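Q: Questions regarding the structure given below will be posed in turn.
The values are calculated or read from the model by the stated rules, or taken from the named source; none is laboratory data. Note that this is a predicted model, so its numbers are computed, not measured. Because the Cβ atoms are built from the backbone with ideal geometry, glycine has one as well, and the counts that use them run over all protein chains shown.
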Amino acid sequence: MMDVSTVDPDILTERLDAEFYRPSFLENHRLLSGLGKRSTLGEASTAIKLGYTGPIDDCYSSEGALFLTSKNIVDGRVVVGPDTLRIRLDVHNGKLSSTIAKVGDLLFSRTGTVGKAAVLHDGQEHYNFAAHLFAVRLKPAFDSGYLGAFFNSRYGSLQSERMQRGTIIQGLSIYDIPGMVIPNHSESVQRYIGDKVRHAEQLRLHADACTRTFEKLIDDCCPELSRLHAGSAKHSRAPASLLDGSLNPGEFNPDRLLVRSYLQSNGGRTVGEVADVETPVTNQYGQNDIYIGLDSIGSSSGSIVPSTIAKEAVVGAVRQLPVGPVISKLRPYLNKVAYIPSWLSGALNLTALWGYGRFC
């Protein structure tokens, strides 16, 4: 059955694609258009640039400027790693000088997962960007951290989603970006929110640096473990003394057994020896109570984005998570590990997470 929406002719634009007039898009547009203080992204910017579209195969280098694509926009952040592309600095400053990204630029993905937004905070590297992205350079009266938070909110992301064009392959157009509506609060309000965003980014960078330091310490102290490789065999061999009721071959992967044996021989203890699983069950909760499910926890990052009981449509008994580490107990989400801070103590979960409390 085809969905049909009735649209007032007064709100029709040159866009005649039915998705553009989806009820949720129209309601969001009505709310934003009704704001007393509002501007458009075009009014807030000095330039909106499309990333480099020409050939670049002969410009890559192991050193030089980082070359960002939509893959580098993750959970509202610009994320780079060892596999991020780089281009030569002479190309960055010459042939691609018009697509240099600067600190404070607001980046949008225009292809792939359309509408992802992030602010470039780091000024330690040189950055350039591909045609997968737009870069918006803002006027001094508009705070980039504030607008980054807005476009990662429900109201901002609905606008990005609405502006998509195309049938088979959808994307954002550089001609539509300037018309996006933004709440134009006072500079002090914007700066307050933006400072919170920047502080959070500084804490994330510090956490990433601590993780790298820890991994280096492990490599230095346990050189045997640094040479491990992921096994690909469909079977494993283990002594009968290690069998504990689980017949999952992955648990007895040779590399995993080596890690376990090495840690135990060097004073390591099991989680069960140092902490108790502490996730009491309850049926007493409200629709606005905080819910933390698997989707709330970032993979291999420890980040938490809480939801609510109502938003996740949770029914039945739930578990209360204590302050402390939580670990996913379901495959393939075993890389989802996080720490529940005191302000999220008592957050609710179904059965996907183990919460640990009462550490010895």
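Q: Residues being touching a helix residue (DSSP H, G or I) at 6+ places or on another chain (Cβ under 9 Å) and in a loop (DSSP other than H, G, I, E, B): count how many of those fall in segment 141-157.
A: Residues that pass the stated criteria total 3.
Q: Is there any pair with a first residue in segment 149-169 that is more than 15 Å from Gly76 (Cβ to Cβ) and a second that is among the acidic types (Asp, Glu) whose Cβ atoms are under 7 Å apart and which are 6 or more apart or on different chains, and what are they?
A: Pairs found: Met163/Asp176.
Q: Let me ask something additional. Only one of Gly145, Gly94, Gly104, Gly179 is on the phi > 0 side of the Ramachandran plot and assigned by TED's automatic domain parsing to the domain that holds Val74. Can you tell me which?
A: Checking each option against the conditions leaves just Gly104.
Q: Which pairs have Cβ atoms under 6 Å, sit 6 or more apart or on different chains, and link a residue in segment 125-140 that is in contact (Cβ under 8 Å) with a residue 24 or more places away in the chain and within 19 Å of Lys95 (Cβ to Cβ) to one that is part of a loop (DSSP other than H, G, I, E, B) and of a type outside the set (S, T, N, Q)?
A: Asn128/Leu96; Phe129/Gly51; Ala130/Gly51; Ala131/Gly51; Leu133/Gly51; Ala135/Asp105
Q: Which condition breaks for Asn28 when tested against (1) surrounded by fewer than 17 Cβ atoms within 10 Å (Cβ to Cβ); (2) not assigned by TED's automatic domain parsing to the domain that holds Ser153?
A: Only one criterion in (1) surrounded by fewer than 17 Cβ atoms within 10 Å (Cβ to Cβ); (2) not assigned by TED's automatic domain parsing to the domain that holds Ser153 is unmet by Asn28, namely (1).
Q: Can you tell me which residues in segment 42-57 are under 24 Å from the mean Cα position of the chain (by Cα) and part of a loop (DSSP other than H, G, I, E, B)?
A: Gly51
Q: Here's a follow-up. Find all pairs meeting these conditions: Cβ atoms under 6 angstrom apart; at least six residues apart or on different chains; first residue within segment 75-89 and surrounded by 18 or more Cβ atoms within 10 Å (Cβ to Cβ); second residue assigned to a loop (DSSP other than H, G, I, E, B) and not acidic (Asp, Glu).
A: Gly76/Asn152; Val78/Leu120
Q: Right, something else. Of the residues Val323, Val305, Val318, Val271, which single one is out of contact with any strand residue (DSSP E or B) (no Cβ under 7 Å at 6 or more places or on another chain) and not polar (S, T, N, Q)?
A: Checking each option against the conditions leaves just Val305.
Q: Still on this structure, I have one more. Going through Leu16, Leu41, Leu96, Leu12 one at a time, which residue ends up being in contact (Cβ under 8 Å) with a residue 60 or more places away in the chain and of a type in the set (A, V, I, L, M)?
A: Of Leu16, Leu41, Leu96, Leu12, the one residue that is in contact (Cβ under 8 Å) with a residue 60 or more places away in the chain and of a type in the set (A, V, I, L, M) is Leu41.
Q: With the structure loaded, tell me whether Tyr52 is under 23 Å from Tyr175 (Cβ atoms), among the aromatic types (Phe, Trp, Tyr) and surrounded by 18 or more Cβ atoms within 10 Å (Cβ to Cβ) or whether it fails that test.
A: yes
Q: Further question on the same structure: Residues being among the aliphatic types (A, V, I, L, M) and not in a loop (DSSP other than H, G, I, E, B): count how many of those fall in segment 158-209.
A: Qualifying residue count for the region: 12.
Q: Filter segment 77-90 for residues that are of a type in the set (D, E, K, R) and not in a loop (DSSP other than H, G, I, E, B); which is farthest from Ser303 (Cα to Cα)?
A: Asp90
Q: Mind checking which pairs have a first residue in segment 206-226 that is at pLDDT below 80 and a second that is loosely packed, with under 10 Cβ neighbours inside 10 Å, Cβ under 8 Å, 6 or more apart or different chains?
A: Cys222/Asn266
Q: Another question about this same structure. Give the number of residues within segment 91-118 that are assigned to a strand (DSSP E or B) and under 15 Å from Ile48 (Cβ atoms).
A: The number of residues fulfilling the criteria is 7.
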